[in-house]
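Enquirer: Please read through the structure below; I'll follow up with questions.
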Amino acid sequence: MATTTTTVKERLFEVIFGYDSRAGKLFDIILICLIVASVLAVMLDSITTIHDRHRLLLYRLEWLFTLIFTVEYGLRIYSSPRPKSYIFSFYGIIDLLSILPTYISLLLPPATYLVVVRILRVLRIFRILKLFRYIGEANLLLAALLNARRKIFIFLFTVLTLMIIFGTLIFIIEGPENGFTSIPVSIYWSIVTVTTVGYGDVVPQTGLGQAIAALAMICGYAIIAIPTGIVGVELMHEFNRQGTREQATRCPACDRPGHRADASFCQYCGVRLDAKKPEAGDS
């Protein structure tokens, strides 16, 4: 009996967590189709005309999807070799959050719309398409952002200071009679103006106020360009550092450089890059 149980768990693990086998790929494709369908159902339910006409159908569909995902979540815990690690992993938390809103909606009906978090589960498509091969490039971008974090922090702090200055100035110049009822409202206006969104709900009426608005909009274009330059420079530095590491990595057998920094085997002769280099007297 124990052997049968183990075999069932291993088979379930291969299908649910695996993606190399045909059954694993089919399971992931069906799962993603169900996720997209459930998110679309929630979106359609938020449209008044559709909700009034198909309320019962959408309600039943939502519970059907929730029960399917609940069973799937339970099977993932059951078949996982380390259930606790899965439960507290990124995907484990997302899987749990994707089914909770429907149950919470029994007490708080508006919570049902939170099931759109299920769309995050579509990230599993990365496994099917084998996009993890690009993880090196993603790590390079992450390294560039981490290296630029101090510059970005200073930039954001400077932008926040400018927003406060522009907001305070426009509050003093325009005043409550023109819609700028407080400094926080004026800071909101400055953020909207500098980001070039321009909702138009609060507009300067005086000439000096319009001059301040024009200056804020001009600053907005500069503010948009600066982060691109900061990250771009750090990306170039990271490319150069990676290139240096790749050139420094030589094959112990054929002595050729130019391997990726995360490579384990030589791309020319197939020997492990961390293997001991043969001595001159070795045959």
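The values are calculated or read from the model by the stated rules, or taken from the named source; none is laboratory data. Keep in mind the model is a prediction, meaning the values are calculated, not measured. Cβ atoms come from the backbone with ideal geometry, glycine included; neighbour counts cover every protein chain shown. Side chains are part of the model used for accessible areas, which takes the heavy atoms of the whole protein and leaves out ligands, DNA and RNA. Shrake-Rupley method; radii C 1.70, N 1.55, O 1.52, S 1.80 Å.
Enquirer: Has the stretch 10-25 got any residue that is modelled with pLDDT under 85, open to solvent by 50 Å² or more (accessible area, probe 1.4 Å), touching a helix residue (DSSP H, G or I) at 6+ places or on another chain (Cβ under 7 Å) and not in a helix (DSSP H, G or I)?
Expert: Within the stretch 10-25, one or more residues are modelled with pLDDT under 85, open to solvent by 50 Å² or more (accessible area, probe 1.4 Å), touching a helix residue (DSSP H, G or I) at 6+ places or on another chain (Cβ under 7 Å) and not in a helix (DSSP H, G or I).
Enquirer: Another question, if that's okay. Among the residues of the stretch 56-66, is any in a helix (DSSP H, G or I), closer than 14 Å to residue 119 by Cα and of a type in the set (D, E, K, R)?
Expert: No; the residues of the stretch 56-66 include none that is in a helix (DSSP H, G or I), closer than 14 Å to residue 119 by Cα and of a type in the set (D, E, K, R).
Enquirer: Being more than 14 Å from residue 169 (Cβ to Cβ) and touching a helix residue (DSSP H, G or I) at 6+ places or on another chain (Cβ under 7 Å) is the filter here; which residues of the stretch 203-216 pass it?
Expert: Of everything in the stretch 203-216, just one residue is more than 14 Å from residue 169 (Cβ to Cβ) and touching a helix residue (DSSP H, G or I) at 6+ places or on another chain (Cβ under 7 Å), namely 205.
Enquirer: Just for the stretch 174-214: of the residues that are open to solvent by 40 Å² or more (accessible area, probe 1.4 Å) and of a type in the set (S, T, N, Q), which one is farthest from the chain's Cα centre (by Cα)?
Expert: By that ranking, first place goes to 206.
Enquirer: May I pose another question? Does the stretch 196-209 contain any residue that is closer than 22 Å to residue 166 by Cβ, touching a Leu at 6+ places or on another chain (Cβ under 7 Å) and modelled with pLDDT of 80 or more?
Expert: no
Enquirer: Also, I was wondering about something else. Of all residues in the stretch 127-161, which are modelled with pLDDT of 80 or more and not in a helix (DSSP H, G or I)?
Expert: 148
Enquirer: Taking residue 162, is it surrounded by 14 or more Cβ atoms within 10 Å (Cβ to Cβ), in contact with a Cys (Cβ under 7 Å, 6 or more places away or on another chain) and either on the phi > 0 side of the Ramachandran plot or hydrophobic (A, V, I, L, M, F, W, C) (or both)?
Expert: yes
Enquirer: List, please: which pairs have Cβ atoms under 8 Å, are six or more places apart or on different chains, and start with a residue in the stretch 30-47 that is among the hydrophobic types (A, V, I, L, M, F, W, C) and end with one that is open to solvent by 70 Å² or more (accessible area, probe 1.4 Å)?
Expert: Matching pairs, first to second residue: 35/119; 36/119; 39/119; 42/113; 44/54.
Enquirer: Additional query: Would you pick out the residues in the stretch 72-105 that are open to solvent by 90 Å² or more (accessible area, probe 1.4 Å) and hydrophobic (A, V, I, L, M, F, W, C)?
Expert: Those that are open to solvent by 90 Å² or more (accessible area, probe 1.4 Å) and hydrophobic (A, V, I, L, M, F, W, C): 88, 90.
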